[in-house]
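Asks: Have a look at the structure that comes next, please.
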Amino acid sequence: MALNPPSASRRSLLRALGGTAALGALAGCGVPAAYVRPGDRAADDASARDMRLTWANWPLYIDTDDEHPGRRPTLDAFRERTGIAVDYVEEINDNDEFFGKISPALMGHRPTGRDLIVISDWMCARFVRLGWVQEMDRARQPNVARYLDPLLRSPAFDPGRTYTVPWQSGITGIAYDRRRLGRELRTVSDLWADDLRGRVTLLSGLDEAFALLMLGNGVDITRWTPDDFHRVCDQVETQVRRGQIRRFTGNDYTKDLVSGDVLACQAYSGDVIQLRADNPDIEFVVPEEGAELWSESLMVPDLARHKANAERLVDHYYQPEVAAELAAWVNYVCTVPAARDVLAASPDEDTAALAEDPLIFPDASMRRRLAIARDITAEERAGFTKRWNAIAGL
């Protein structure tokens, strides 16, 4: 099983109010045609007579064969086992962009041409609210029912994961260069220390940034309030004025951290695994107050023609052996804790070591400090985004 760097574009950012305002209008401002009732979401399922499906995913988000990059071992194994051909399309580079690509069909009650899609959970929430995805049949997914990580089983936007199944997960926490800084960071408030002035970055995307900062205030992010949000904004505005924050970033925060221009930053766990391969002095911290656990999830859009085939594919990836092979390649938090034992038993020393990496398999202490944030509602989004973007300079 090969180790390769994850894509830097998966955790997309909300860069402008325009995209989020459109989402808010659809989900919360009463556009009747946008919502699809449960009885209107399914098409005649051709799965039994047409053994194929189309799957849209992000670039570099699946295992590949080192010697034959066009091959995807875990996906090839599914084809061989089931006879189902998979048209795997790496077309998702940004949540908003992909929303714009397929929303006209979904609003018009037309097929999207895709049987399975992977988007970030904060965007999944909008699809679920709009009725744009179908309930999955767990009778076809015994592995999901058995092996899905309990921490990921019931986010606020989809209790019981009725419509979504996590593909990969990750943690938003703090990264820092311990050698350059000369000390440890333990809490969110440590970012505001005087010796870090001008050497801190925060994530620019609202959905990516807010939860960790709220946790620093002791907020239960599964049920945060608008007051909690505005308190965070007040605090960040203060830190901007005093010159604490060097800039707000997308995934390019990694360049600042590697160069030493930044000593501490909001960061994603999967990125730090890759950075540490070249610089073991870079640390990732789940603060004492906690950190946000997030996912990018699989969904079956309305009127998909191969729903049963898609559900079988999702369940294939919840076999511990398959999940282990995928985790060894993408290096994000594995959604199948049972895959840890599979990796630990590997005769390859580097592969077996992944089983002990808490950024792939969080230990008990870390798990107690992880939570899935309540998503921003449609009614909240436009106003919240306007305020946050003004602070972040978007």
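Each row is one residue, and each column tells you yes or no for (1) assigned by TED's automatic domain parsing to the domain that holds L257; (2) modelled with pLDDT under 95; (3) of a type in the set (V, I, T); (4) in contact with a His (Cβ under 9 Å, 6 or more places away or on another chain).
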site: N95; (1), (2), (3), (4): no, yes, no, no
site: I102; (1), (2), (3), (4): no, no, yes, no
site: L106; (1), (2), (3), (4): no, no, no, no
site: I119; (1), (2), (3), (4): no, no, yes, no
site: C124; (1), (2), (3), (4): no, no, no, no
site: V128; (1), (2), (3), (4): no, no, yes, no
site: A145; (1), (2), (3), (4): no, no, no, no
site: R153; (1), (2), (3), (4): no, no, no, no
site: A175; (1), (2), (3), (4): yes, no, no, no
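Asks: On to the next question. Residue check, G243 against (1) closer than 17 Å to G173 by Cα; (2) at pLDDT 95 or above; (3) surrounded by fewer than 21 Cβ atoms within 10 Å (Cβ to Cβ), all met but one. Which one?
Replies: Here G243 clears every test but (1).
Asks: Is at least one residue of region 377-389 free of Cβ contacts under 8 Å to residues at least 24 places away in the same chain and either over 23 Å from L130 (Cβ atoms) or within 20 Å of the chain's Cα centre (by Cα) (or both)?
Replies: For region 377-389, residues free of Cβ contacts under 8 Å to residues at least 24 places away in the same chain and either over 23 Å from L130 (Cβ atoms) or within 20 Å of the chain's Cα centre (by Cα) (or both): absent.
Asks: For the list (1) at pLDDT 95 or above; (2) on the phi < 0 side of the Ramachandran plot, I need the number of the one condition that E379 fails.
Replies: (1) is the only condition that E379 fails.
Asks: Kindly indicate whether R197 is closer than 30 Å to R52 by Cβ, of a type in the set (K, R) and modelled with pLDDT of 95 or more.
Replies: no
Asks: Condition (residue is among the small types (G, A, S) and part of a helix (DSSP H, G or I)) applied to region 206-222: is it met by at least one residue?
Replies: Yes; the residues of region 206-222 include at least one that is among the small types (G, A, S) and part of a helix (DSSP H, G or I).
Asks: Okay, moving on. Return the residues of region 164-213 that are among the hydrophobic types (A, V, I, L, M, F, W, C) and without any contact (Cβ under 8 Å) to a residue 60 or more places away in the chain; say none if nothing qualifies.
Replies: Of everything in region 164-213, those that are among the hydrophobic types (A, V, I, L, M, F, W, C) and without any contact (Cβ under 8 Å) to a residue 60 or more places away in the chain turn out to be W192, A193, L213.
Asks: How many residues, within region 324-358, are closer than 30 Å to F229 by Cα and surrounded by 22 or more Cβ atoms within 10 Å (Cβ to Cβ)?
Replies: 4
Asks: Among the residues of region 83-133, write down those that are among the acidic types (D, E), buried (at least 23 other Cβ atoms within 10 Å of the Cβ) and part of a loop (DSSP other than H, G, I, E, B).
Replies: If the condition is that a residue be among the acidic types (D, E), buried (at least 23 other Cβ atoms within 10 Å of the Cβ) and part of a loop (DSSP other than H, G, I, E, B), then D115 is the only one that fits.
Asks: If you check L202 against the conditions, is it over 27 Å from A324 (Cα atoms) and at pLDDT 95 or above?
Replies: yes
Asks: Mind listing just one residue for me: the one in region 47-78 that is in a loop (DSSP other than H, G, I, E, B) and among the charged types (D, E, K, R) and, of those, nearest to N93 (Cα to Cα)?
Replies: Looking at the filtered set, the residue picked out is D63.
The values are calculated or read from the model by the stated rules, or taken from the named source; none is laboratory data. Everything quoted here is computed from the prediction, not taken from an experiment. Because the Cβ atoms are built from the backbone with ideal geometry, glycine has one as well, and the counts that use them run over all protein chains shown.
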